[in-house]
Amino acid sequence: MKRMISVLTLALCLVSAAASAAEYYVDSLSGQDSNNGTAAEQAWKTLDKVNATTLGPGDRVLLKKGCTFEGYLDLKANGSAQQPVVVDAYGSGELPVVDVTGAKQGILIANSSFLEVNNLEITSQGKGIVTAIDISSSNTACEHIYLNKLYIHDIYAKTRESVEHLVSKDRTKEGFQFSACPGQGIVVLSKEPLKDLRIENCRLERIAQTGISIHGRKSGTIALTDIQVLNNNLKEIGGPGIQPSRVAHMVVRGNIVDQSGCATDIRMRGRGSGIWPWGSDDVLIEKNQFLHARGSGDSCGAHIDFNCSNVTVQYNLSADNEGGFVEILGNDKNCCYRYNISVNDGARVKGRNAMMDGKTLWLSSFTGGAKRCGPYNAYIYNNTIYVKESIRSAFVITRTTEGALIANNIFCVLGKTKGAGDDQDLQKVPATVHVKNVDWRNNLYCKADILPSQMPTQNGEVLHDTNPIIGDPQFKNAGGLSAEDYIPGAVQLLKDKGIEIEALPGDKIGLKQGLKVTEDFFGNPIEGLPDIGAIEIQSKE
């Protein structure tokens, strides 16, 4: 009997909560702010009415399609797990547009939980906006913030005329980075714990600085956890496409980042990798495309900045990113690149409007202003790398490297190669320091002598592949920019010729994702020993 009463009480509570939830309609063409807003025929006209409303469990704010709303949204919302607050579109036609003129942000979400924002277009048309969407938790723990199917474009905080005097400034210098190029797409800044953040199916185009910026800050510790960035399309981003800092348990999957580090508009930063996590733990970056990154420094498809641990970069297509393919910086621990396809990455040449060379593979000791150290226990295996003849490829291994496995990769590098002992600045690490515990073996090279002679030493010998395989992988269409172009045909050379990947000596962690994988770049099963490269050769029946 008591159980029946408790169930009935719960049901009555849910009915009561549903009855108290409200729907608010906003129509900039036919609405009136004197209306009550709770029906389409009683719609409000402006966003000011929404900004003055505190939203609770089950409340919905609906902006009419085909309308343009000047101003910004200040969402004070706290829903529940069963009844989140939802902001969405209604009616038919084009997405409702939030056109921000002179405000700092298009949508402000502060100290809110269980909020979902869908199907909106946000732009300033270059009229002045710092951030399209600003999410923060500054005085309370927050959770469950979902952004879905948003179109964010033309986000610049300054007019072209206001920055014309900076065009001649040398973009290769660090000082140009931020002050000249404000304007970001989605910014998340967490001083208090914020968990369950999801950004998916969004489109971001022509952003002055960073596309998606996610930062957790709380007394120097990680405050942002359980993050998903899924199936977004970012194009012409002046800085990095996606930039997480001090986050944990993050998945970045199915995104396309095309032209990070873009400089087609003079208000753009002109430098940035497709993604670069910093100071973060347990980040999985998989099944993305990172294309055409530009910039005088960094500007890889995906690079792992310093103070990270357990970052795995796998099953990605990285193509024509002038900064390079693999970049793992100082004090990084147990980070990995595996089963990726890299095409013509690393074309940048130091001194030609660039601070540093592009690199095919770079293990760096850089830790900002701190003492240089690491990286530690890096795993780089079963990648397919193609570099055309006109690109000079660089292999840079810092002398402070302690633990690295480089195995089962295809290095089809057709042009000249160069090496350097430590980040192109040998003065930062004493000459008495030597790499430790680096296992470089069982990689395929399309020709002999691809690895340069200017490599650091280990145990008195120049670092080299201890079991190289030389031969033509017979790619389907070498030089193309699709993953399918790098399906190999050299069965005898590659099939079952990989080694089983095991933890490095002394490494008790390996990878959180596990060292052994069960499928290749295309999802084909790995049967027997792994093949060399990112693609398993399929048996012909």
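Dividing the alpha-carbon Rg of the chain by 2.2 N^0.38 Å yields what?
Cα Rg divided by the expected 2.2 N^0.38 Å: 1.06.
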Original post:
Which whole-number value in Å² is the accessible area per residue of the range 101-153, probe 1.4 Å?
Top reply: 31 Å²
**OP:** Kindly provide log₁₀ I(q)/I(0) values, in the same order as q = 0.13, 0.17 Å⁻¹, from the Debye equation applied to equal alpha-carbon scatterers of the range 84-157.
**Re:** -0.41, -0.67
Subject >> In Å, descending, principal axis extents of the Cα set of the range 321-362 >> reply: 34, 25, 10
**OP:** Please list, in chain and number order, the residues 5+ apart from residue 69 or on another chain whose amide H is under 5 Å from its amide H, with Hs placed from the backbone.
**Re:** 97, 98, 99
**OP:** Quick one: angle between helix 2-20 and the longest Cα principal axis of the chain, in degrees between 0 and 90, rounded to 10, please.
**Re:** 80 degrees
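Write down the percent of antiparallel bridges among all DSSP beta bridges whose residues are both part of the chain, to the nearest 5. Mind showing how you got there, number by number?
Details: 5 of 151 bridges.
Within the chain, antiparallel bridges account for around 5 percent of the total.
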**OP:** Give me the percent of Cα-Cα pairs in the range 373-418 that sit more than 14 Å apart, rounded to a whole number.
**Re:** 58 percent
**OP:** Report ³J(HN,Hα) in whole Hz for each residue of the range 332-346, in order, from the Karplus equation J = 6.51 cos²θ - 1.76 cosθ + 1.60 where θ = phi - 60°; Gly and Pro get x.
**Re:** 6, 10, 6, 9, 8, 10, 8, 6, 9, 10, 10, 10, 6, 7, x
Original post:
Within the accessible area of the range 363-511, what % is carbon and sulfur when the probe is 1.4 Å and the other protein chains stay in place?
Top reply: 50 percent
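Which pairs, out of 388/416; 418/447; 333/497; 350/416; 388/418; 45/149, put more than 18 Å between their alpha-carbon atoms?
333/497; 45/149
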**OP:** With the cut-off at 23 Å, report for the range 184-295 the share of all Cα pairs above it, as a whole percent.
**Re:** 23 percent
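Using only the Cα atoms, what convex hull volume per residue in Å³ does the range 442-503 have?
On the way: hull volume 8.4 nm³, N = 62.
Expressed per residue, the convex hull around the Cα atoms of the range 442-503 is 136 Å³.
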Original post:
With the other protein chains left in place, how much accessible area per residue, in square angstrom, belongs to the range 384-491 at a 1.4 angstrom probe?
Top reply: 44 Å²
Original post:
Where the centroid of each part is defined by its Cα atoms, how far is the range 183-234 from the range 463-541 in Å?
Top reply: 33 Å
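Hey, what's the Kirkwood Rh for the range 15-129 if you take every pair of different alpha carbons, in angstrom?
One over the average 1/r among Cα pairs gives 14.2 Å for the range 15-129.
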**OP:** Multiply the residue separation of residue 88 and residue 20 by 0.36 nm, subtract the distance between their alpha-carbon atoms, and state the gained length in nm to one decimal.
**Re:** 22.6 nm
Original post:
In units of 2.2 N^0.38 Å, what is the alpha-carbon radius of gyration of the range 330-406?
Top reply: 1.18
Original post:
To one decimal place, what orientation-averaged projected area in nm² is obtained for the convex hull of the Cα set of the range 492-532?
Top reply: 3.5 nm²
Subject >> Reachable lysines from residue 49, criterion Cα separation under 22 angstrom, eight or more residues apart if same chain >> reply: 64, 65, 76, 104
**OP:** Could you work out the per residue convex hull volume over the alpha carbons of the range 272-367, in cubic angstrom?
**Re:** 73 Å³
**OP:** Give the cross-link partners of residue 436 among the aspartates and glutamates, using a straight C-alpha distance below 16 Å as the criterion and excluding same-chain residues fewer than 8 apart.
**Re:** 332, 402, 422, 461, 465, 507
Original post:
Over the alpha carbons of the range 380-513, what is the largest minus smallest coordinate on each principal axis, giving the biggest first in Å?
Top reply: 45, 36, 25
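The values are calculated or read from the model by the stated rules, or taken from the named source; none is laboratory data. Bear in mind the structure is a predicted one, so any value in this text is a computation, not a measurement. For accessibility, only protein heavy atoms count, side chains too; no ligands or nucleic acids. Shrake-Rupley method; radii C 1.70, N 1.55, O 1.52, S 1.80 Å.
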